[in-house]
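Below: one structure, written as structure tokens.
The values are calculated or read from the model by the stated rules, or taken from the named source; none is laboratory data. Predicted model only: the values in this text are computed from it and were never measured. Every residue, glycine among them, receives a Cβ derived from its backbone with ideal geometry; neighbour counts consider all protein chains shown.
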Amino acid sequence: MKLRAWDLGIIVAYFLVVILTGLWVSRRGAKDLDSYFLGGKSLPWYLLGISDASGMFDISGTMYLVSILFVYGVKSIWLPWLWPVFNQIFLMMFLSGWLRRSNVLTGAEWIQTRFGRDRGANLAHLSVVFFALVNVIGMLAYAFKGIGKFAVVMLPWHFTGTNGGPFSDENIYAIILLGLTSLYAIKGGMISVVITEVMQFLILTLSALAIGTIAIWLDERHGEPGSLLPSLHDDHRHHGAGAGVLSHGPQEH
């Protein structure tokens, strides 16, 4: 993909802003463990909510949503609700109050607070630690592959020119981008993560509105509203793959 100078300028400016933000708030996050991991318990609820909403967006997840839309049609929009029903509603609405009153920092500490320190509690403690490690490694690998596949298409630079192996362009892009993200997240702690995710949410929202407006405008330019949709259906019928993505499921083929 060819990017103009101002496109690259926006990308560079974004990374500079988030890195400098992480460095700027790092002094506040370095006061104690509560400040680093919990933002000193002083962050307003609406910023935490926006941060959590922003954290639900990622390029790997976007690829997944596009793939299930291709397979299942519009009915696929119900599948992502499986995650927030358990995570946001049960964990954040019910468990969060107990966690706040317990003054613990991690899930492992919560297990000890809830069940004590006997043999069963220690085994439960170890299970939480093991799950956290596996989950973190899995999510990092998930993000690593997604951001690499996206960046190699969107960004113009080529490092080794190879598509496979440990030193492929995809992997090098992923290392660079995850390294920059780790820099501001590790340096600034929870406050840095919340601030940058609020920025990302605003960018995502404005971008979505702009893309939707442009799509509607282009659709109207081609004639009657909705005139682009038949051309999509015709294209799917001609090519045979993904037919009826917009209105049909796989059982209707």
So for the range 164-181 (the condition being out of contact with any Leu (no Cβ under 6 Å at 6 or more places or on another chain), within 23 Å of residue 16 (Cβ to Cβ) and modelled with pLDDT under 85), does at least one residue qualify? yes
Which of the residues belonging to the range 187-214 are in contact with a helix residue (DSSP H, G or I) (Cβ under 8 Å, 6 or more places away or on another chain) and either modelled with pLDDT under 80 or more than 21 Å from residue 13 (Cα to Cα) (or both)? 187, 188, 189, 190
For the range 16-28, check the following and say yes or no: at least one residue is exposed (fewer than 14 other Cβ atoms within 10 Å of the Cβ), assigned by TED's automatic domain parsing to the domain that holds residue 188 and either among the small types (Gly, Ala, Ser) or within 18 Å of the chain's Cα centre (by Cα) (or both). no
Yes or no: the range 32-50 includes at least one residue that is in the same structural domain as residue 103 (by TED's automatic domain parsing), under 19 Å from residue 154 (Cβ atoms) and under 16 Å from the mean Cα position of the chain (by Cα). no
Check on residue 64, in a helix (DSSP H, G or I), assigned by TED's automatic domain parsing to the domain that holds residue 201 and in contact (Cβ under 8 Å) with a residue 12 or more places away in the chain: no
Please go through the range 129-170 and give me each residue that is over 20 Å from residue 182 (Cα atoms), surrounded by 12 or more Cβ atoms within 10 Å (Cβ to Cβ) and small (Gly, Ala, Ser), ordered by number. 168
In the set 105, 126, 95, 99, the lone residue that is surrounded by 11 or more Cβ atoms within 10 Å (Cβ to Cβ), assigned to a loop (DSSP other than H, G, I, E, B) and assigned by TED's automatic domain parsing to the domain that holds residue 60 is 105
